[in-house]
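Below is one structure; the comments refer to it alone.
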Amino acid sequence: MIPGGLPAARDLPRGLRAGLAVGSGLLSAAAFPPWDLGPLAFLALVPLFLALEGTGPGQAAWLGYAGGLSFYLATIWWVINTMTTYGRMPLVLSLVVLLLLCGVLAGYTAAFAWLLAAGQRWLRLPREVLPLVAAGLWTALEYLRSYLLSGFPWALLGTSQYRQPTIRLLASAVGVYGISALLILVNAALAGLLAWTLRPRDEAGRWREVLVPLGLAAVSLLASVGYGRLVWQDPTGGPPIRVALLQGNIDQSLKWDRGYQAATLDIYERLARGAAAEKPALIVWPETAVPFFLRRDAELSPRLRRLAAEAGIPMLVGSPDLGDDGFLYNAVFLLGSDGQIRGRYDKRHLVPFGEYVPLKGIFFFLDKLVVGIGDFGRGRSATVFSLDGARFSVMICYEVIFPGEVRQFVREGAQVLVNITNDAWFGRSGAPYQHLAMAAMRAVENGTYLVRAANTGVTALITPTGAILAETGIFTEAALVGSVRARQAETPYTRYGDVLAWVCLAFLGAYVLALLRSRRK
């Protein structure tokens, strides 16, 4: 105990440690939509770091797991809606699946806590370097989460800053992972200061244990702000391009009903004709907005092509497609102003258990979690469309959450990014806004305008700074018209990619090797 009756951080009771870890997860979740308390992310992990103070690797792992589990349960609880409403799962079974998913994701937080505690115990890491070590480990594990087992980079810590005008611009240099590293660095430094104040005066240690991390965090934070205000330059230019975005608000339970196909087309035709009156250069429809095979339907497809020809405006239309190879694809077609198909893109990153069942030999007892028209094939090309001299690419739904994959489209020449999606699966939850937040970070990383058409929302127009110029509400019918400009230059992130994340990954490898060697000795 320290004078005044407060326990030193190393002497905290187990129950209090667990409470701090869980509280950290909940505070971190509050930094994301729907609460959107972004600045809270600079403090949210302080309780977890305090809980880890003085623990061994085993206890630290359990504390990290508790914190991670509370975070994911509070952030992606909407998975239950998808499974019960559209996946025909009983509520109890859907809760079990949610716990399993969150349990797997919490393993990354557990690994982070274990590695940090193991380094303190076996490598005798000086306190001065702990925040920097923590930032490197966290960033490496977030990067791994983006790729392992198909990847699930949902709610990366850095995404919490998507509404912070200056901080988010850092993503154009080092990606969203760089913002995550900054947040961990600041949290760990503040936790170190708090732990230092709780120590008995005769054990307080040297001032440099606190001043060095705080100084490093302050310099990093000031450099980030300075980059956003003094260095960042708008990489877009040229004449404005008018774009119309349609949101049909089609009920998911009716979407694949053959008897409702004509009614769906009626809604989108009315929205498209209304938007055409404002003379956009392109009209964008959401993911699978037409629930029939655009290239093969003999009744409704000619009607859609006639609409594009009568409007005299190119249309980007989401549609399922039966490929010439016999596979089904989640596709998007570019219809020219004459109604003819001018291009096509097939979705490349499919949703596990939503658009296909991975490892069918193991999960033979599972059907897809959502009701659609069958398992989808995987597209192979990062298609770049051309429109009046401007080039653009489309990310279908889930694809926009992957930083490296979106960057590939820009490297291939895309000057404007388009995201079409159907977020009806999420219901009335924070998930549509979480999805929007990740799309905004992709716009910043690559210095491009990003337009987003969503079946039930959120439909939005996002600038290269990540500012959301206009957005619709969810579960409303709407047409949104705005202007974008083509990207003229590359951001550092577009040019160099996830260099910081790779450095952190190399650090993680060296760190693990050092731990193994120390254990052998």
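None of the figures in this text is laboratory data; all of them are computed from the coordinates on show. Since the structure is predicted, the reported quantities are computational estimates derived from the model, not experimental observations. In this analysis, Cβ positions are derived from the backbone assuming ideal geometry, glycine residues included, and neighbour counts consider all displayed protein chains.
Roughly how many whole Å is it from the C-alpha centroid of segment 212-240 to that of segment 124-139? Taking the Cα centre of segment 124-139 as reference, the centre of segment 212-240 is 23 Å away. Only Lys, Arg, Asp and Glu carry charge here, each on its Cβ (+1 for the first two, -1 for the last two); on that basis the chain has a dipole of about 1280 debye about its Cα centre.
In the chain, helices alone account for a calculated mean residue ellipticity at 222 nm of -14000 deg cm²/dmol, with every DSSP H run of four or more residues adding -39,500 (n - 2.57).
Pairwise Cα separations in segment 159-274 fall into 10 Å bins from 0 onward with the following percentages, short to long: 11, 23, 17, 17, 15, 10, 6, 2.
In order along segment 399-411, the phi-based Karplus estimate (6.51 cos²θ - 1.76 cosθ + 1.60, θ = phi - 60°) of 3J(HN,Hα) comes to 4, 6, 7, 9, x, x, 6, 5, 4, 4, 4, 5, 4 Hz; Gly and Pro are listed as x. Positive contributions from Lys and Arg (+1) and negative ones from Asp and Glu (-1), summed over other residues with Cβ under 13 Å from the Cβ of Ala181, come out at -2.
With a cut-off of 15 Å between beta carbons, the residues surrounding Leu254 carry a summed charge of -2, where Lys and Arg count +1 and Asp and Glu -1. For Cys504, Cys102, the sequence from fewest to most other C-beta atoms within 10 Å is Cys102, Cys504. Extension gain for Ser381-Ala478 works out to 31.8 nm (0.36 nm per residue, less the C-alpha to C-alpha distance). Averaging the sequence gap over all C-alpha pairs within less than 8 Å and six or more residues apart, then dividing by the number of residues, gives the chain a relative contact order of 17 percent. Set against the labelled values (i) 45; (ii) 49; (iii) 41, percent of Cα pairs over 32 Å apart computed from this structure falls on (i).
Each of Leu48, Leu105, Leu156 has some number of other Cβ atoms within 10 Å of its Cβ, and from fewest to most they run Leu105, Leu156, Leu48.
Here's the picture: charge each Lys and Arg Cβ at +1 and each Asp and Glu Cβ at -1 in the chain, and of His349, Thr85, Ala506 the one pushed furthest to the positive end of that dipole is Ala506.
Annotation: the residues Asp251, Asp423, Asp498, Asp388, sorted from fewest to most other C-beta atoms within 10 Å of their own C-beta, follow the order Asp388, Asp251, Asp498, Asp423. For segment 236-488, the average shadow cast by the Cα convex hull is 13.0 nm², which is a quarter of the hull's surface.
Using Cβ point charges alone (K and R +1, D and E -1), the dipole size of segment 236-488 about the Cα centre works out to roughly 500 debye.
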